[in-house]
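Asks: Please find one structure pasted underneath; my questions will follow.
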């Protein structure tokens, strides 16, 4: 299976989970060769 070209992630409204998303997710995405990602804040949808 080829690496994903784009990931869109809806962030949790919980501050602790959101901090984890900002801190660790970019590294996790890079490790999986995901070329681009967008993080959407659920509160603003």
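Asks: So what are the three principal axis dimensions of the chain from its Cα atoms, in whole Å, longest to shortest?
Replies: 32, 20, 13
Asks: Same structure, new question: How much length, in nm to one decimal, is gained on full extension between residue 1 and residue 27, taken as 0.36 nm per residue of separation minus their Cα-Cα distance?
Replies: 7.3 nm
Asks: Using only Cα atoms and rounding to the nearest 10 degrees, what angle (0 to 90) does helix 15-31 make with the longest principal axis of the chain?
Replies: 10 degrees
Asks: Report the relative contact order of the chain, percent, no decimals, based on alpha-carbon pairs under 8 angstrom and at least 6 residues apart.
Replies: Contact order relative to length: 61 percent.
None of the figures in this text is laboratory data; all of them are computed from the coordinates on show. In this text the structure is predicted, and so the values were computed from the model without any measurement.
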